[in-house]
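A.B. asks: If you scroll down you'll find the structure; I have some questions about it.
Nothing in this text is a laboratory measurement; each read-out follows from the coordinates by a stated rule. The structure presented is a predicted model; accordingly, all values stated were derived computationally and were not measured. No Cβ is skipped: glycine too gets one built from the backbone with ideal geometry, and neighbour counts run over all protein chains shown.
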Amino acid sequence: MPELPEVETIRIKLKNYLEGKRLIGIDIKDNKIIDGDVKKILQHKITDVKRFGKGLVFQFDNNIALATHIKLTGQFIYRGPENKDINVDSKLVGRLPSKFTRVIFQFNDKSTLFFNDIRKFAWMKIVPTQQLNSLSFFKQLGPEPFKDLTFEYFKHIITTSNSAIKSLIMNQKKIAGIGNIYANDALFLAKIHPQRKAKTLTDEEIKKLYDSIFFVLKKGLENNGATEMNYVNPDGQPGNYQKHFLVYGKEGKPCPVCHTLIKKIKVGGRGTYFCPKCQK
């Protein structure tokens, strides 16, 4: 599932492309994806595109918001005058629209935003802006890196939890935005075994993990996210962080530090990669 760097990459592009544009048409191919009255956003301008954890919010000039979560395979693909010379990745996106296109948004400058979703897990909700925090997804989110995740809070949740450290830092109610890819790489960088009970970490290890989380997320942002399955940015292009994975997805390959073979186990039901020598 796309994580903070991927969703933030999408947000930045969409904000640049859509801010100030008027939505003049919506072609809904799958009625199950949108909850709410689409008439409330038609003929209104987008004033901002925000991100909360792994969720996106399109803010309109009438204090109505379109909240969405792209889940596993969602893609926002923008085609307009700003990116007419950029070709979408034919393998990851294909034709536009396609049989996987669920919603098509049309704007006053003849630009178009396609939303594709192969697995159909994504959702969109149209609500008054003041009600965003009442949506279950948003009201349960913990603080997130680059916004309000302080070291003091981070240390508190670790020292008071008996969960496996990897499960803890992926818990969106505790910390928003961190998923499987960046949790694996951050724990490797901090030299912490993913199955360690959180409260057994020393103060030094906690600080190292805190810094490592910011490091790998920043690296992900610099590379426009990671394309593992279907993720593309709104230009229809893949990210590049997969070229910089430290241990994620590298079972059986040598550790980049000690050359011990990377192992894969399950932690909290998720595939987990680690170096059995470096991570303690």
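A.B. asks: With the chain treated as a Gaussian network of Cα nodes joined by springs under 10 Å, which of Lys45, Lys32, Lys199 yields the largest mean-square fluctuation?
C.D. replies: Lys32
A.B. asks: 5 Å is the cut-off here: which amide hydrogens, built 1.01 Å from N in the peptide plane, fall below it relative to Arg102, excluding neighbours closer than 5 in sequence?
C.D. replies: So Arg102 has HN proximity to Phe115, Asn116, Asp117.
A.B. asks: Right, something else. Sort 52-58, 90-96 by the packing proxy (mean of other Cβ within 10 Å over each peptide's residues), most packed first. Don't skip to the answer; put the middle values down first.
C.D. replies: Working: 52-58: 22.7, 90-96: 13.4.
Listed from highest to lowest mean packing, they are 52-58, 90-96.
A.B. asks: While we're looking at this one, here's another question. For the pair Lys71 and Glu251, what calculated FRET efficiency results from E = 1/(1 + (r/R0)^6), where r is the Cβ-Cβ distance and R0 = 25 Å, to the nearest 0.05?
C.D. replies: Working from the Cβ atoms, E equals 0.50.
A.B. asks: Report the full-extension gain for the segment Thr202 to Thr150: residue separation times 0.36 nm, less the Cα-Cα distance, to one decimal in nm.
C.D. replies: Values: separation 52, 0.36 × 52 = 18.72 nm, distance 1.74 nm.
Length gained between Thr202 and Thr150: 17.0 nm.
A.B. asks: Build a GNM of the chain with springs between Cα atoms under 10 Å: which of Phe214, Phe146, Phe114 gets the top mean-square fluctuation?
C.D. replies: Highest fluctuation of the listed residues: Phe146.
A.B. asks: Which one is right for this structure if volume of the Cα convex hull per residue in Å³ is calculated from it: (1) 126; (2) 110; (3) 171?
C.D. replies: (1)
A.B. asks: Okay, moving on. 7 Å from Cα along Cα→Cβ at both Arg119 and Ser98: what's the point-to-point distance in nm?
C.D. replies: Once both label points are built, they end up 1.6 nm from each other.
A.B. asks: Here's a follow-up. Based on the mean of other Cβ atoms within 10 Å per residue, sort peptides 116-127, 5-16 so the most packed one is first. Don't skip to the end; give the middle numbers.
C.D. replies: Details: 116-127: 18.6, 5-16: 21.4.
Highest to lowest by the protection proxy: 5-16, 116-127.
A.B. asks: In Å and whole numbers, how far do the C-alpha atoms of region 1-120 stretch along each principal axis, longest first?
C.D. replies: Taking max minus min along each principal axis of the Cα atoms, region 1-120 gives 38, 30, 28 Å.
A.B. asks: Go ahead and set up a Gaussian network model of the chain, Cα springs under 10 Å, then flag whichever of Phe245, Phe151, Phe76 fluctuates most.
C.D. replies: Result: Phe151 has the largest fluctuation of those listed.
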